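The values are calculated or read from the model by the stated rules, or taken from the named source; none is laboratory data. Everything numeric in this text was worked out from a predicted model, so none of it was measured. Cβ atoms come from the backbone with ideal geometry, glycine included; neighbour counts cover every protein chain shown. Each accessible area value is taken on the protein alone, full model and side chains, heavy atoms only, with ligands, DNA and RNA left out. Shrake-Rupley method; radii C 1.70, N 1.55, O 1.52, S 1.80 Å.
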Amino acid sequence: MDATAAGESALENLYCLRCNREVEAGQKSVAVYMFAQTVGIRPRQKSSAQRICFCPQCSVSLAMGPPPEGALNIAAWQMIRDLVSSDPALNQAAWETLRAIEGLLPATGTDSGGHRNGAAGYFEF
Ligand SMILES: [Zn+2]
């Protein structure tokens, strides 16, 4: 497989298909590769491969959610469910992302610092 055949570097930075968050190369994510190929027709033709990205949070969220509409969507959903259910590493990655975002948000508590692990008032909606 010649991955650099097209000579494009546009694939370096991708965006999560669901939340549009940028997924940098090497960052934890789920990539869905898709290509089409003719069968029983000569000459055999093969489309270029598409790469679709989901951040860990969206992967887990999708997998936990109800099946989407559309045959292709369901196929992708089942693949993601497969990944999410087979190993907790992806869930872990989703939690890490969530925690990183939490850290970026300004403190909403009245007292800054002190008890970081205090469960009370952790979820504020
Ligand atoms: Zn996402």
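Which of (1) modelled with pLDDT under 95; (2) more than 22 Å from Glu22 (Cα to Cα); (3) open to solvent by 100 Å² or more (accessible area, probe 1.4 Å) does Gln78 not meet, given it meets every other one?
Result: Gln78 passes all but (1).
Collect the residues in the stretch 25-46 that are touching a strand residue (DSSP E or B) at 6+ places or on another chain (Cβ under 7 Å) and of a type in the set (Ser, Thr, Tyr), keeping them in residue-number order.
Within the stretch 25-46, Ser29, Tyr33 meet the criteria.
For the stretch 81-105: of the residues being at pLDDT below 95 and charged (D, E, K, R), which is most open to solvent (accessible area, probe 1.4 Å)?
Result: Arg99.
Pairs please, first residue from the stretch 32-51 and open to solvent by 80 Å² or more (accessible area, probe 1.4 Å), second anywhere and assigned to a loop (DSSP other than H, G, I, E, B), Cβ atoms under 6 Å, 6+ apart in sequence or on different chains.
Once the first residue is open to solvent by 80 Å² or more (accessible area, probe 1.4 Å) and sits in the stretch 32-51, its partners that are assigned to a loop (DSSP other than H, G, I, E, B) give Tyr33/Ala49; Phe35/Ser47; Phe35/Ala49; Arg44/Thr38; Gln45/Thr38.
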